[in-house]
Amino acid sequence: YMFADRDEVRAAAEPADGPTLTEWADLARTHDLVIVGGFAEAGADGEVHNSAALVDATGVRAVYRKAHLWNSEKALFTPGAAAPPVVDT
């Protein structure tokens with residue numbers, strides 16, 4: 001990410017049921033794909049997380065909020081608290 005500050009991240013962030021993951025789910029369903037990608041997640045708690053989602057033909061299977069932020073990520077994102085999910089694909 002190349003965000004200038006937390007306000008810029010917040011303006012670009014989306015919830016896990018937002019347009020980006022919805023589009024990924026449509027693509028995965030149409031083309032029978034598994035998609036894993038990163039996105040700035042707007043959490044329900046008002047925080048912004050550096051997250052990754054796994055999406056397949058059935059929809060969003062998992063969202064992981066990066067727990068170990070590196071370098072400037074620490075000034076932009078709130079770390080997640082959960083362990084990374086393991087998903088059988």
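Condition first: part of a loop (DSSP other than H, G, I, E, B), acidic (Asp, Glu) and more than 12 Å from Val63 (Cβ to Cβ). Now tell me which residues in the range 1-43 satisfy that. Within the range 1-43, Asp5, Asp32 meet the criteria.
For residues that are over 19 Å from Phe77 (Cα atoms) and either at pLDDT below 95 or hydroxyl-bearing (Ser, Thr, Tyr) (or both), tally how many sit in the range 18-36. The total comes to 2. Are any of the residues in the range 60-72 assigned to a loop (DSSP other than H, G, I, E, B) and in contact with a helix residue (DSSP H, G or I) (Cβ under 9 Å, 6 or more places away or on another chain)? Yes, the range 60-72 has at least one match. Note on the range 49-84: residues that are aliphatic (A, V, I, L, M) and within 10 Å of the chain's Cα centre (by Cα) amount to 5. Thr89 satisfies every condition listed in (1) β-branched (Val, Ile, Thr); (2) at pLDDT 95 or above; (3) in a loop (DSSP other than H, G, I, E, B); (4) open to solvent by 40 Å² or more (accessible area, probe 1.4 Å) except (2).
The values are calculated or read from the model by the stated rules, or taken from the named source; none is laboratory data. Computed from a predicted model, the values in this text were never measured in an experiment. Here the Cβ is made from the backbone with ideal geometry for all residues, glycine too, and neighbour counts use every protein chain on show. Side chains are part of the model used for accessible areas, which takes the heavy atoms of the whole protein and leaves out ligands, DNA and RNA. Shrake-Rupley method; radii C 1.70, N 1.55, O 1.52, S 1.80 Å.
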